[in-house]
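The values are calculated or read from the model by the stated rules, or taken from the named source; none is laboratory data. Here the structure is a predicted model, which is why all the values come from computation and not from measurement. Cβ placement follows ideal geometry from the backbone for every residue including glycine, while neighbour counts extend to all protein chains displayed. Ligands, DNA and RNA are excluded from the accessible area calculation, which covers all protein heavy atoms including side chains. Shrake-Rupley method; radii C 1.70, N 1.55, O 1.52, S 1.80 Å.
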Amino acid sequence: MSKKFWETLPQGSVVLEAGSSAKFKTGTWRSMRPKWIEENCIQCMFCWMYCPDMSVKVNAEGKREGFDYDYCKGCGICALECPGKKGNKAIVMEEEGK
Amino acid sequence: MGKIVAVTGNEACAYALKQINPDVCAAYPITPATDLMQRFSGYVSNGQVDTELVLVESEHSAMSACIGAAAAGGRVATATSSQGLALMWEMLYIAAGTRLPIVMPLVNRALSAPLNIHGDHSDGMGARDTGWIQIYSENAQEAYDNLVQSFRIAEHLEIRVPAMVCMDGFIVSHSIERVEYIDDADVKNFVGKFQAVHPLLDLEHPKSYGPLILTDLYHEYKRAQHEVMTKVPGVVLEVAAEFEKMTGRKYGLFEEYRLEDAEIAIVVMSSAAGTTKDIIDQYREKGVKVGLLKPRMFRPFPFTQIAEALKHVNAIAVLDRADSFGGYGPLFSEIAGAVMSMDHKPAMINKIFGLGGRDYLPEQAEQVINELIKISETGKVGAIKEYIGVRE
């Protein structure tokens, strides 16, 4: 006899697949979007460190690049922590869809 | 052959835990369960067990630590009472929903307010819907035996559900009784080696516990959790049969005492069953066909088996050592649920007794049996729910 759907669920709702949260694209929650302004960036990596997700992209040379908008929820912590250059922020928050 | 000792219920349960030697115990003291874990902590300090004893700052933390340790892949136990169990409330559901086979002696005690430290079933009944297995014990011997069996039941690979082993606070936990201990090697062999299912510490197979399950799957997980409970009675009986082979002591889903040919019956759990049996013997000598049914497994509740055991009875009194204010007592509701499926429905009355450790006296059992005789003769039931042993 074939099993009913609910009989096939893993016991205790344990997720047996490692790294499966990558499938959950939380970027859809975002209402504010961080914008990176490269000329104001001093590559301090504060944004990378403070990001509660892993949405600050870093290249092979260890330099900061753009954002991963699939997962960035738009919390704005990176923009708040960004020291910028000579008083100009390298990350600013913009309203999504504008 | 084990040894025969004179011990309290708490002492016997602490000794069972020593023999079982769990990997982790996280506990917080609360009367009347304090003494159980205090004795066990002595075994830890003296190196008689190699359990990691985690002394936490509350029962909420105790159950949380137990959940973590069980998810990590350990055999885990704790003990509590009353307010302690109440403080564990949200974690009880998490332990059961996550299917972690934690074992917990629950030394039944009344709930505040007013503040009271003595025995009744208010705490256990409050946790009846948490998804834990609940087994109630009449005396210290049963508490010890049930505790040994509960590890096998909870950890059974078809079940993996946490289990509470209940005994009446002070009446059993602090009274010295004759108890037969099983040999250490036999307990060890009976309980067996712990088999972890999806342990977090298996680093080769990374996994996550406690995901967010919303409207698309929650209903299905709960359906699956109910299904597991339907398998528990079979496992409880299987474990009891093996236990009987080892000790000669027989356990079922409930105990029937002189019930086979009874016309009237009392349903009562835990220590009050002992007193009731004595009074039943006295009435039997007078020719009154009265019997007793003592539920052992309250969760899952064995509805069909109990209906079968009570089918020939004309009148039933269900004695609850807990109340549901504005409702019937919790045990009465379950028995009424069992009776619902019967063709011939007996008359039923509900007596609330012994709250906050009020003594259950032989006269109260007599009073109930006299009322049952009258109901059986006249077919007339007065008040369905009443308090007995209350000062008027």
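Specify the residue that is nearest to B:TRP132 (Cα to Cα); the eligible residues are those in the stretch B:220-248 that are within 14 Å of chain A (Cβ to nearest Cβ) and loosely packed, with under 14 Cβ neighbours inside 10 Å. Across the stretch B:220-248, the extreme among qualifying residues is B:HIS226. Against the list (1) open to solvent by 10 Å² or more (accessible area, probe 1.4 Å); (2) of a type in the set (Gly, Ala, Ser); (3) part of a helix (DSSP H, G or I), the condition B:ALA338 fails is (1). If the condition is being within 14 Å of chain A (Cβ to nearest Cβ) and touching a residue at least 12 places away in the same chain (Cβ under 8 Å), then the stretch B:43-90 contributes B:ILE67, B:ALA70, B:ALA71, B:ALA72, B:GLY73. Of all residues in the stretch B:199-209, those satisfying the criterion of being free of Cβ contacts under 8 Å to residues at least 40 places away in the same chain, in a loop (DSSP other than H, G, I, E, B) and either open to solvent by less than 100 Å² (accessible area, probe 1.4 Å) or not assigned by TED's automatic domain parsing to the domain that holds B:HIS156 (or both) are B:PRO206, B:LYS207.
Each residue in the stretch B:163-173 was checked for being part of a loop (DSSP other than H, G, I, E, B), in contact with a Pro (Cβ under 6 Å, 6 or more places away or on another chain) and not aromatic (Phe, Trp, Tyr), and 2 pass.
Return yes or no: is B:LEU212 at pLDDT below 95 and closer than 17 Å to B:ILE94 by Cβ? Taking the combined requirement at face value, the residue satisfies it.
A:TRP29 meets each of the listed conditions (1) in contact with a Gly (Cβ under 8 Å, 6 or more places away or on another chain); (2) surrounded by 11 or more Cβ atoms within 10 Å (Cβ to Cβ); (3) more than 14 Å from chain B (Cβ to nearest Cβ) apart from (3). When the residues of the stretch A:12-70 are filtered to those that are under 30 Å from B:ALA196 (Cα atoms) and among the small types (Gly, Ala, Ser), the one that is farthest from the chain's Cα centre (by Cα) is A:GLY12. Being within 14 Å of another protein chain (Cβ to nearest Cβ) and touching a residue at least 40 places away in the same chain (Cβ under 8 Å), is that true of even one residue in the stretch B:295-311? No, the stretch B:295-311 contains no residue that is within 14 Å of another protein chain (Cβ to nearest Cβ) and touching a residue at least 40 places away in the same chain (Cβ under 8 Å).
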